[in-house]
Every structure is written in C-alpha cells, then in structure tokens.
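J.: Have a look at the structure that comes next, please.
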Amino acid sequence: MASFSLAPCLLFLLFFFFIVNGAAQSQSSSLDFVYNGFNRTETNFILKGATIIKPSGALKLTNSTSFVFSIIPSGSDGGGYGLAFLLSPSTDLQGADSGHYLGILNSTNDGDESNHIFAVEFDTVNGHNEGKSSEGNHVGININSMDSVATEPASYYVNDTDKKEEVNLDSGHIQAWIDYADGVVNVTIAPLSIPDKPMKPLMSKGIELSRVVTNSMYVGFSASTGEERSSHYILGWSFCINGTARPLNLSMLPAPPIFLRF
C-alpha cells in the first residue's frame, strides 16, 4: 500500500464499460458479471489514481448490483471520506477533488446537469454542504452533484419490520444492493454478518435515469481521502442489466488488511 503513503489526498476509480442504450435497453438482452474477489489478470477494468488490486484479491479502490466493501480508518479517531458507486459517461474525471467530492466532482462543476453523473455515496464523515448531509455515517443518492437528493443514516431494517439497526460504515465488511426498476432506485445495506438481503430497502427514490445517463456509460466506484484518511476496498461485485444481480459467494471473498496506517 505504498501508494497511500505518498500524498495526503488520494482517490481511486474503477470502471467497467457497458452500453445503456441498444442491447442494454432491450428486454430480451442482458449483461451481467460477478467477481467474488479480483485478480491482476482482469481485462475489463480501468484502474485510475491509487487503485490497486491487492495480491489477496481485494480491489482497493432495469440495473441491479450488489457489492461488498470495507472502509478501514487510519487511526482510532475515525477516517474518511467514504466511497461511491457511480455511473459516469467518462473515466476521465480530471479536476475532481478529494475529500467530500470523493474524486467525482469539484466546486466548479458540482451541480452541473451536463455531468451526467449518478452516484450512491457511503459517507463516514459529515457530507458535502453539511446542512443537507449532516449525518456523518450515512448513505446518499446523488445526481450530478455531491448534494444528495435523498439521504439516510446508515442502517438496515430487521426482517420485514420497521425496526432499524445502525450500521457503522467503517466497522467491517458491508454488503450493499442497488436496484433500479420502474423509475425507482432502491438502496439496501447490511453488515456481512447478515448474509441475506433485508426485505425492506433503506432508501427508495423516484428517479428518471434516462434524463441522467448518456448512450454510453461506465459503471464503477470512486473514493478519496483528505484531512480524514481511510483505506477503501471492494471485495466482491455483481452487476446486471435487465435482470437481478447474481448473489455473491461470500465464502470466496478476500480479506483486506485488518489495519493500515498512513
């Protein structure tokens, strides 16, 4: 992890190419993949910035996706700033800032509709413009901006009840599910100790993605550090267009380092 010791503000990007219009829009066509861990021979990934595929297989880093991530603070006082799953028309995000911008946007283009960015953020510190994302341990849905259009404290519903259990996003392996169908984005999370997807999503937000995406998009992850520092890992990833993402084989997921100091 030498690359993380070279600078105070670092970010990573991983993208996998897919077509939104054309085959991906056809009800009879689908695209899906599952990675229960990663290796250095993958040819479909574009790694940017400080992204590293670790020797252990951890990736340091209608649509349906699930993935397992781990955020490891650099010290006992907590870290930051989190990571995001995103759709972007380009892998070239030059000028993107670290910190609350998560390596996606900057103060100049934040909120610009021409960004064509959709993101689900998993923040471990107070969010961008704290009045809108004041909870320091939260999940947010973002459209072309780091100001979330919907946000909830990180938690999951117990069984099919209204009881919520809090999830500390930097407390261990977290599984996330993001599903989009009929104009609604559903986001669900749970610690890996809860292997089955909770029956109720944490968040549901009506969004017309056709107004956001372009003909060709990239799907992937972005994360950054800043004054607060953490290491961010993607341990497994399943993705599907026009279908439900296949379950990850949790027994095959690699383990990131238990603790890492910068």
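J.: Return the only residue of K60, K54 being at pLDDT below 85 and either more than 28 Å from L250 (Cβ to Cβ) or under 15 Å from the mean Cα position of the chain (by Cα) (or both).
T.: Result: K60 is the single residue among K60, K54 that is at pLDDT below 85 and either more than 28 Å from L250 (Cβ to Cβ) or under 15 Å from the mean Cα position of the chain (by Cα) (or both).
J.: Right, next: Taking F69 and the conditions (1) modelled with pLDDT under 95; (2) not in a strand (DSSP E or B), which numbered condition does it fall short on, given that it satisfies the others?
T.: Among (1) modelled with pLDDT under 95; (2) not in a strand (DSSP E or B), the lone unmet condition for F69 is (2).
J.: Could you tell me whether D110 is in a loop (DSSP other than H, G, I, E, B) and either at pLDDT 90 or above or under 22 Å from S231 (Cα atoms) (or both)?
T.: Yes.
J.: Please count how many residues of the stretch 194-213 are surrounded by 14 or more Cβ atoms within 10 Å (Cβ to Cβ) and of a type outside the set (K, R).
T.: Here the count works out to 10.
J.: Report those strands (runs of 3 or more DSSP E) wholly inside the stretch 115-226 carrying at least 1 residues which are more than 17 Å from the chain's Cα centre (by Cα) and among the acidic types (D, E).
T.: Numbers: elements: 118-123, 138-143, 148-153, 155-157, 164-166, 174-181, 184-191, 203-206, 216-224.
It comes to 164-166.
The values are calculated or read from the model by the stated rules, or taken from the named source; none is laboratory data. Not measured: the values here are computed from a predicted model. No Cβ is skipped: glycine too gets one built from the backbone with ideal geometry, and neighbour counts run over all protein chains shown.
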